[in-house]
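**Q** Quick one: the structure is below, questions incoming.
The values are calculated or read from the model by the stated rules, or taken from the named source; none is laboratory data. Just so we're clear, the structure is a prediction, and the values are computed from it rather than from any experiment. Reconstructed Cβ throughout: ideal geometry from the backbone, glycine too, with neighbour counts over all protein chains shown.
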């Protein structure tokens, strides 16, 4: 819970100088106001709030990491706006493949 385990663990990491990030949409408290108060307190102490989508993007870094890009794309489709972009990209790639094949056949 945000107001307990996450708060105390974060404080213990901050004391010796570690940087701390919290995935705020993957945590919860006993109630929304209690969770919000814990998150506010943590950010006041220097904890960086992030989302699961931001964390996944930070870990992937870029699309050159071929070992994980497939899983990354699958995970990212759970975010509606990203899923729309992925569908558009895949459609454009398919269209490009069709056009490339047509150009090769006509040459």
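**Q** Mind listing whichever residues of segment 67-83 are assigned to a helix (DSSP H, G or I), surrounded by 11 or more Cβ atoms within 10 Å (Cβ to Cβ) and either in contact with a helix residue (DSSP H, G or I) (Cβ under 6 Å, 6 or more places away or on another chain) or at pLDDT 75 or above (or both)?
**A** 68, 69, 71, 72, 73, 75, 76, 82, listed by residue number.
**Q** Within segment 26-57, track down each residue that is under 24 Å from residue 80 (Cβ atoms) and in contact with a strand residue (DSSP E or B) (Cβ under 9 Å, 6 or more places away or on another chain).
**A** Scanning segment 26-57 gives 39, 49, 50, 51, 52, 54, 55.
**Q** Return the total of residues in segment 20-38 being surrounded by fewer than 12 Cβ atoms within 10 Å (Cβ to Cβ) and either assigned to a helix (DSSP H, G or I) or in contact with a helix residue (DSSP H, G or I) (Cβ under 8 Å, 6 or more places away or on another chain) (or both).
**A** Selection size over segment 20-38: 3.
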